[in-house]
Structures are given as C-alpha cells and as structure tokens.
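What follows is a set of notes on a single structure, which appears directly below.
The values are calculated or read from the model by the stated rules, or taken from the named source; none is laboratory data. Fair warning: this is a prediction, and the values are worked out from it, not measured in the lab. Using ideal geometry, Cβ is built from the backbone for each residue, glycine included, and neighbour counts are taken over all protein chains shown. The protein model used for the area step is the full one, side chains on, heavy atoms only, and it has no ligands, DNA or RNA in it. Shrake-Rupley method; radii C 1.70, N 1.55, O 1.52, S 1.80 Å.
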Amino acid sequence: MNSVHNAVVVTRVSDTQWHAVENDQVVGHGDASRRPDGRLFIGIDAWHGAVFDRIADAMLADLPTPLYAVADEADQDATSAWERAGFSAARREWGYRVPTDPQVTGLGSVRPPSGVTIVPAGEAEEGPLRALDRIIRDEVEAAVGWQTMPAEVLPRPAGTTVIDPSKYAVARHGDQYVGLIRVTPLTRQPRIGLIAVRADRHRRGIARALLAHALGSLHSAGTASAWAEVNESNAAATALFEGIGARRAGSTLEFVRTERKK
C-alpha cells in the first residue's frame with residue numbers, strides 16, 4: 001500500500017517491512033514480527049510525528065488485528081504516537097536494576113532445597129532444557145497466559161523458544177530439570193530474561209536459589225548489577241526482586257489495537 005502526505009510516500013517493501021521516503025531519502029520505517037506466543041507486534045522508527053502517523057496508517061491498513069507495540073513509558077512522544085494510531089495501553093512492565101553483591105542481596109547464604117542442585121550456565125543438557133522450557137510455557141499459558149510474561153524482543157525461528165542454551169542455568173532434582181534462569185550477557189548490563197520453576201515445585205525456594213546462583217556468578221565476574229523486567233501484576237516476582245534490594249529504574253508499556261483501520 002502507498003500513502004502520500006507532504007511528499008512522503010509509504011511503501012510496503014516486504015511482508016514485514018514498510019519504508020517512508022521523501023525526496024528519495026528514507027525518513028522512517030516500520031516492521032512487523034510475530035512472537036512465539038502468536039501475537040503480531042509492530043515497530044515504527046521515524047524522526048517526525050507526521051511520518052510516524054503515515055507509516056502507522058499504512059501498516060494498520062495492511063495488517064490484521066489485534067496488533068501490539070511496546071514503548072518506554074517515559075518516552076511521551078512514543079506513547080502519544082501509539083495512542084494517536086488507536087492503540088491502548090494493555091499492561092506495564094517494571095524495569096529493575098538488580099544488585100549482584102551478596103552482601104546487598106542477602107543471597108550469599110541461600111542454598112538450593114534438599115535434593116536440588118544448580119547446573120551452571122553452559123552445562124545444561126539441551127534436550128531436557130528444551131523439554132523443561134516447553135513444560136513451563138504450557139503451564140504459564142494455561143494459568144495466566146504467556147502474554148503476561150516480560151515482552152520477548154528477539155526474533156526466533158517458528159516453534160523455537162530456547163535460542164542459546166548456554167545462557168541458561170537450571171535446577172535439577174534427581175534426573176529431572178525443575179527450574180531455569182536465563183541471563184543474557186549484554187555489554188552494558190546483563191539481563192535476566194526469564195526465571196521460572198515447574199508448577200509442582202513452587203514455594204520450595206528453587207527460584208530464589210537460581211537467582212542467588214546467577215547473581216553470585218555475575219558478581220564473581222565483576223558485574224555490579226543486572227537488569228530484569230517484571231509484569232506489574234506479578235506479585236510473587238515483584239516480591240522476589242524487591243526483597244533482594246532491586247530498585248525500579250523504568251517501565252515499559254505494551255499497547256494493543258483490536259480494531260482494523262477502516
């Protein structure tokens with residue numbers, strides 16, 4: 001679909017990309033990607049609000065609903081732009097800066113519950129890890145829905161949820177994997193992307209032991225803090241992180257539009 005406004009032409013250049021061109025220069029672009037949970041997210045990068053609006057118009061005319069988008073809540077220009085496009089805020093994720101020093105977190109003395117051992121990142125067996133990830137995702141989907149988990153932004157092949165097994169440490173009980181934590185070693189600040197335990201092993205201290213292991217490893221490597229996102233409605237995760245001294249340092253809004261542009 002093409003759209004013209006003040007010499008700006010918006011063109012769909014592929015199934016998932018749109019370009020806005022003015023005087024033979026690209027002045028903005030949009031992209032669409034389907035998350036592993038099936039939801040279709042769109043993103044728009046444009047210097048000017050009017051260009052954002054034109055790209056949004058083109059994408060909304062081309063794509064089915066519901067459509068989703070995310071924005072830093074502190075970025076009022078971005079949040080206003082999505083609202084102009086007919087999107088509404090559906091949920092909020094708090095961003096936490098998490099200390100790694102066990103003297104601060106109080107996790108230095110935490111040990112796994114009886115019979116549970118922690119398998120460090122890079123040492124987990126890939127097959128059992130993928131099986132555990134699938135079990136946990138199915139349990140979350142059946143309970144509160146995977147859409148309530150922190151937004152996943154990395155593209156991945158259809159049907160694949162574990163991209164790099166080396167980023168996962170796991171809790172093992174006997175010959176079974178019962179919990180996992182994923183830490184992405186980003187340059188500025190490592191990101192705790194997921195911490196989860198099988199439903200039949202909740203309330204035994206496994207998540208706390210996994211967090212103690214991961215943060216302790218980061219501290220030993222000289223990293224002072226990590227980053228984590230928590231859905232504001234997840235009271236258990238909020239209590240876990242705030243209980244070890246994590247501090248809110250930002251928030252992300254997830255937007256949704258349920259009606260297609262007429």
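Taking all protein chains into account, the per residue accessible area for the stretch 190-262 stands at 50 Å² (1.4 Å probe). Ranking H48, G106, G28 by how far each Cα lies toward the positive end of the dipole of the stretch 1-109 (charges on Cβ) leaves G106 at the top. Each peptide among 168-181, 86-99 gets the average number of other Cβ atoms lying within 10 Å of its residues, and from highest to lowest they stand as 168-181, 86-99.
When peptides 75-81, 225-231, 254-260 are sorted by average Cβ neighbour count within 10 Å, with the highest value leading, the order is 225-231, 254-260, 75-81. Under a 5 Å amide H cut-off, with hydrogens placed 1.01 Å from N, W227 pairs with V98, R191, I192 among residues at least 5 apart or on other chains. Compute the signed sum of charges (Lys and Arg +1, Asp and Glu -1) over the other residues within less than 13 Å, Cβ to Cβ, of R248. Within the 13 Å Cβ shell, the charges total -2. Stick to Cα atoms and the Kirkwood definition of Rh, then tell me Rg/Rh for the chain. That ratio equals 1.03.
Relative contact order, whole percent, for the stretch 1-110 stands at 17, derived from Cα pairs under 8 Å and 6 or more residues apart. Would you be so kind as to identify which of V119, Y68, G95 lies farthest towards the positive end of the dipole of the stretch 19-144, taking Lys and Arg as +1 and Asp and Glu as -1 on Cβ and the Cα centre as origin? About the Cα centre, the residue reaching furthest to the positive side is V119. Applying Stokes-Einstein at 4 °C and 1.567 mPa s to the Kirkwood radius of the stretch 12-83, computed over alpha-carbon pairs, gives a translational diffusion coefficient of 102 µm² s⁻¹.
Structure remark: mean-square fluctuation, Gaussian network model of the chain, C-alpha springs under 10 Å; the largest value among V21, V110, V13 belongs to V13. Amide H contacts for R91 (H built 1.01 Å from N in the peptide plane; partners 5 or more residues away or on another chain; cut-off under 5 Å): E254.
Translational diffusion coefficient of the stretch 160-234 (Stokes-Einstein, Kirkwood radius from Cα pairs, 10 °C, 1.306 mPa s): 120 µm²/s. Pair-distance distribution of the stretch 198-251: all C-alpha pairs, bin width 5 Å, starting at 0; shares per bin in whole percent are 4, 16, 25, 26, 18, 9, 2, 0. For V70, nonlocal amide neighbours, meaning residues 5 or more places apart or on other chains whose placed amide H falls under 5 Å from its own, are F255. Computed from backbone phi, the HN-Hα couplings of the stretch 109-119 come to 9, 6, 10, x, x, 3, x, 9, 10, 9, 9 Hz, rounded to whole numbers (Karplus: 6.51 cos²θ - 1.76 cosθ + 1.60, θ = phi - 60°; Gly and Pro given as x).
For the stretch 1-91, with all protein chains present and a 1.4 Å probe, just round the carbon and sulfur fraction of the accessible area to a whole percent. That fraction is 46 percent.
In order along the stretch 215-224, the Karplus-derived 3J(HN,Hα) couplings, from 6.51 cos²θ - 1.76 cosθ + 1.60 at θ = phi - 60°, round to 5, x, 5, 5, 4, 4, 8, x, 8, 7 Hz, and Gly and Pro are given as x. Net length available on complete extension from A235 to H202 is 10.5 nm, with 0.36 nm assigned per residue and the Cα-Cα distance removed. Measuring nothing but how far apart in sequence close Cα pairs (under 8 Å, 6+ apart) lie, relative to its length, the chain scores a relative contact order of 27 percent. Each residue of the stretch 178-188 is assigned a 3J(HN,Hα), and the resulting list reads 10, x, 8, 9, 10, 10, 9, x, 5, 4, 7 Hz, derived from the Karplus form 6.51 cos²θ - 1.76 cosθ + 1.60 (θ = phi - 60°), x at Gly and Pro. Here the stretch 1-124 has an Rg and Dmax of 21.4, 68 Å, counting Cα atoms alone. Counted over all Cα-Cα pairs of the stretch 57-104, pairs farther apart than 13 Å make up 67 percent.
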